[in-house]
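Below: one structure, written as structure tokens.
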Amino acid sequence: MARMNILVIMVDQLNGTLFPDGPAPFLKVPHLAELAAASLRFNANYTASPLCAPARAAFMSGCLPSRTGVYDNAAEFPSSLPTFAHLLRRAGYRTCLSGKMHFVGPDQLHGFEERLTTDVYPADFGWTPDWTRPNERIDWWYHNLSSVTEAGVAEITNQLEFDDEVAHFARQRLYDFARDGDGTAAGRPFCLTVSFTHPHDPYFARRRFFDLYRDEDIPMPEVKIAFEDLDPHSQRLLRSCDHERFDITEAHVRRARHAYFAAISYLDAQIGSILDVLKDCRFDDNTAVVFTSDHGDMLGERGLWFKMSFFEGSARVPLLLKLPGSDGRAIDAPTSLLDVAPTLAGLGGAGFAGWEVDGTDLLATGAASGPAERFVAGEYAAEGSVAPLVMLRQGACKYVACPADPPQLFDLAADPRETDNLAGRPEHADIEARFADEAARRWDMEAFTAEVMESQKRRHLVYEALRQGGYYPWDYQPLRLASERYMRNHMDLNVLEVNARFPRSET
């Protein structure tokens, strides 16, 4: 029997609270709903870092940012760090990426044998934050709230163009696997990773998806907190988003959320088309399917947008794992995006070859059954912060600490909206001490801060140097061998036509 193929579908900035146990009923996502019903549904799954590049490096490697060195969206992902793509490829898999992974640095593959598209974001050090200037907004690349005030309908955007291409090349590669015999007993198993940039802001969607929702049916934020009553980190995030320059109305909020939900429906259609090709190519009975996101989006809760915090909307992400021949079920114990790499390596019979990771194989260790005592960890050390934030989740409780701010402790069972900070209260001192001791055991915050700042300093210097004189970008350039596509005169037309069909002949 052929070894199990693996299809990984990743989206960008998808709020995990919209997947309480599969997609929320108001979302128009029939394909994701069908996938969720047949999957292990990890309903308390957290990003390792609520920002694109750090989260994706953690997803690929199973290691936290403090170990990868990918602290922000302009930090290099070291080529020497093993990823699930390296391990599966080493075990004989054909590893392929279509779409975004926000790799920074000259290595734009990190174990993938082939990459079908370029990335949607730059690969250099230009987006490096600067903690030596904590109150300075870097206007040319920082988020601002125009994503909210300008939200609505568009038939083509920068992101729609990218994701249309991502889906097209993913479907094409599945057909190629089928025609070449890969993914079958006679060929190499494949791991195809398909990574979209939606529903990341700016919040736009095509009219046909926007019209699936009525304005009056759009659920609105439930927690409203005045700026002066927000925690210090949230205040910094809003300042970094230039919030004082924008007057965000209820109509703006409703329209931005409307477009965001419509973008999820657009993704559902693209994902459905890929799953249809998987089935048409006879792969669905021997392919594990993973669906997840890198981080979430606050979507106006607490007045916050985008990510970069450890509140649930930003830090919780969906994780679905559909295994051939297995039934779907819900798993409520906390898990992490860090767990995906070791789990994929385990599915492919690869393991992590003795390399220590921060995640765990959810299937091999029994973590999928729900060990309540496990700590799930996260880190954030990028724009909008002035020192690293760390997060621990154990059972129903979540703890967030930062050298610059008072700690936060929430009981998510009693307080799912995180409006009641229990830190500093005598009646919760034992719980807080347990989390504080675990954080102290895991992190030397002074050393962590110093390393982030040293990394920023090095990268600013290198970036300024490399932009002088000749410029040789690291952005991935997909190679299209046009002379090997379709019919060319070094080919036998009869052979070509037969080999280009799948199945070869069917009555």
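The values are calculated or read from the model by the stated rules, or taken from the named source; none is laboratory data. Keep in mind the model is a prediction, meaning the values are calculated, not measured. Methodologically, a virtual Cβ is constructed for each residue, glycine included, from the backbone with ideal geometry; neighbour enumeration extends over all protein chains shown. Just the protein is used for accessible areas: all its heavy atoms, side chains included, with ligands, DNA and RNA removed. Shrake-Rupley method; radii C 1.70, N 1.55, O 1.52, S 1.80 Å.
Can you go through A387, A413, A315, A382 and tell me which one is within 29 Å of P221 (Cβ to Cβ) and surrounded by fewer than 16 Cβ atoms within 10 Å (Cβ to Cβ)?
That would be A413, the only listed residue that is within 29 Å of P221 (Cβ to Cβ) and surrounded by fewer than 16 Cβ atoms within 10 Å (Cβ to Cβ).
Kindly provide the set of residues from the stretch 425-463 that are outside any helix (DSSP H, G or I) and within 13 Å of C402 (Cα to Cα), ordered by number. Before you say what the answer is, go through the steps one by one.
Restricting attention to the stretch 425-463, the residues satisfying the condition of being outside any helix (DSSP H, G or I) are 425, 443-444.
Of everything in the stretch 425-463, those that are outside any helix (DSSP H, G or I) and within 13 Å of C402 (Cα to Cα) turn out to be W443, D444.
Considering only residues of the stretch 393-409 that are closer than 21 Å to L337 by Cα and not β-branched (V, I, T), which is least open to solvent (accessible area, probe 1.4 Å)? I'd like the intermediate steps shown before the answer.
So in the stretch 393-409, the residues closer than 21 Å to L337 by Cα come out as 393-401.
This time we only want the ones that are not β-branched (V, I, T), so: 393-399, 401.
Values: R393: 23, Q394: 26, G395: 24, A396: 36, C397: 22, K398: 1, Y399: 17, A401: 20 Å².
Ranking the qualifying residues of the stretch 393-409, first place goes to K398.
Could you list, in sequence order, the residues of the stretch 356-372 that are in a loop (DSSP other than H, G, I, E, B) and either modelled with pLDDT under 90 or of a type in the set (A, V, I, L, M) (or both)?
Residues of the stretch 356-372 in a loop (DSSP other than H, G, I, E, B): 356-366, 370-372.
The answer is E356, V357, L362, L363, A364, T365, G366, G370, P371, A372.
Of all residues in the stretch 118-156, which are surrounded by 15 or more Cβ atoms within 10 Å (Cβ to Cβ) and among the polar types (S, T, N, Q)?
T118, T128, N144, S147, T149
Pairs under 6 Å by beta carbon, first residue over 13 Å from P54 (Cβ atoms) in the stretch 291-315, partner open to solvent by 10 Å² or more (accessible area, probe 1.4 Å) and at pLDDT below 95, six or more apart or different chains?
If the second residue must be open to solvent by 10 Å² or more (accessible area, probe 1.4 Å) and at pLDDT below 95, the pairs left are F306/H143.
Can you name the residue in the stretch 85-94 that is open to solvent by 10 Å² or more (accessible area, probe 1.4 Å) and not hydrophobic (A, V, I, L, M, F, W, C) and, of all such residues, is farthest from V462 (Cα to Cα)?
My answer is G92.
Results for (1) crowded, with 24+ Cβ neighbours inside 10 Å; (2) modelled with pLDDT under 95; (3) under 28 Å from E383 (Cβ atoms), shown as yes or no for each residue.
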position: I248; (1), (2), (3): no, no, yes
position: A269; (1), (2), (3): no, no, no
position: H295; (1), (2), (3): yes, no, yes
position: L299; (1), (2), (3): yes, no, yes
position: S309; (1), (2), (3): yes, no, yes
position: P334; (1), (2), (3): yes, no, yes
position: G351; (1), (2), (3): no, yes, no
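Out of the residues in the stretch 135-174 that are part of a loop (DSSP other than H, G, I, E, B) and among the acidic types (D, E), state the one that is nearest to P478 (Cα to Cα). Quick ask: steps written out before the conclusion?
Narrowing the stretch 135-174 to residues part of a loop (DSSP other than H, G, I, E, B): 135-145, 150-151, 154-157.
Subset that is among the acidic types (D, E): 136, 139, 150, 155.
On the way: E136: 37, D139: 31, E150: 32, E155: 25 Å.
Only one residue tops the list, namely E155.
Out of all the residues in the stretch 250-265, which are touching a residue at least 40 places away in the same chain (Cβ under 8 Å) and open to solvent by 10 Å² or more (accessible area, probe 1.4 Å)? Give the steps one after another, and end with the answer.
Filtering the stretch 250-265 for residues touching a residue at least 40 places away in the same chain (Cβ under 8 Å) gives 252-253, 255-265.
Once the filter is applied, which keeps residues that are touching a residue at least 40 places away in the same chain (Cβ under 8 Å) and open to solvent by 10 Å² or more (accessible area, probe 1.4 Å), the stretch 250-265 yields H252, V253, R255, R257.
Of all residues being in a strand (DSSP E or B) and among the hydrophobic types (A, V, I, L, M, F, W, C) in the stretch 23-47, which is surrounded by the fewest Cβ atoms within 10 Å (Cβ to Cβ)? Just the residue, please.
Within the stretch 23-47, the first condition is being in a strand (DSSP E or B), and the residues that meet it are 40-42, 45-46.
Applying the additional criterion that residues be among the hydrophobic types (A, V, I, L, M, F, W, C) yields 40, 42.
Values: L40: 21, F42: 27.
Among them, the one singled out is L40.
Determine the pairs where a residue that is without any contact (Cβ under 8 Å) to a residue 12 or more places away in the chain and of a type in the set (A, V, I, L, M, F, W, C), located within the stretch 29-40, has a partner that is in a helix (DSSP H, G or I) and open to solvent by less than 50 Å² (accessible area, probe 1.4 Å) with Cβ atoms under 9 Å apart, the partner being 6 or more residues away or on another chain.
From the stretch 29-40, the pairs are A33/D268.
If you check L362 against the conditions, is it open to solvent by less than 60 Å² (accessible area, probe 1.4 Å), free of Cβ contacts under 8 Å to residues at least 40 places away in the same chain and in contact with a strand residue (DSSP E or B) (Cβ under 8 Å, 6 or more places away or on another chain)? Full working, then the answer.
Working: open to solvent by less than 60 Å² (accessible area, probe 1.4 Å): yes; free of Cβ contacts under 8 Å to residues at least 40 places away in the same chain: no; in contact with a strand residue (DSSP E or B) (Cβ under 8 Å, 6 or more places away or on another chain): yes.
The answer is no for L362.
Out of the residues in the stretch 271-293 meeting the condition of being among the small types (G, A, S) and closer than 21 Å to F42 by Cβ, tell me which one is surrounded by the fewest Cβ atoms within 10 Å (Cβ to Cβ). So that I can check it myself, show each step before the final result.
Going residue by residue through the stretch 271-293, those that are among the small types (G, A, S) are 272-273, 288, 293.
Pick out the ones that are also closer than 21 Å to F42 by Cβ and you get 288, 293.
Numbers: A288: 21, S293: 28.
That would be A288.
Only one of (1) open to solvent by less than 10 Å² (accessible area, probe 1.4 Å); (2) polar (S, T, N, Q); (3) farther than 28 Å from N286 by Cα fails for S61. Which number is that?
S61 satisfies every listed condition except (3).
From the set of residues in the stretch 234-272 that are part of a helix (DSSP H, G or I) and among the hydroxyl-bearing types (S, T, Y), which is farthest from A24 (Cα to Cα)?
Taking the candidates together, the pick is S240.
So which residues in the stretch 184-224 are of a type in the set (S, T, N, Q) and open to solvent by less than 10 Å² (accessible area, probe 1.4 Å), if there are any at all?
Across the stretch 184-224, the qualifying residues are T193, S195, T197.
Looking only at residues in the stretch 373-393 that are in contact with a Pro (Cβ under 7 Å, 6 or more places away or on another chain) and in a loop (DSSP other than H, G, I, E, B), which one is modelled with the lowest pLDDT?
Once the filter is applied, the top-ranked residue is R374.
For A482, work out the one condition from (1) of a type in the set (A, V, I, L, M, F, W, C); (2) open to solvent by 70 Å² or more (accessible area, probe 1.4 Å); (3) free of Cβ contacts under 8 Å to residues at least 40 places away in the same chain it doesn't fulfil.
Status for A482: all satisfied but (2).
Just to check your reading of the model, which residue among P50, P20, P82, P106 is of a type outside the set (D, E), under 23 Å from L299 (Cα atoms), open to solvent by 10 Å² or more (accessible area, probe 1.4 Å) and part of a loop (DSSP other than H, G, I, E, B)? Explain how you work it out, then say what you get.
Details: P50 fails: open to solvent by 10 Å² or more (accessible area, probe 1.4 Å); P82 fails: under 23 Å from L299 (Cα atoms); P106 fails: under 23 Å from L299 (Cα atoms).
Within the list P50, P20, P82, P106, the selection yields P20.
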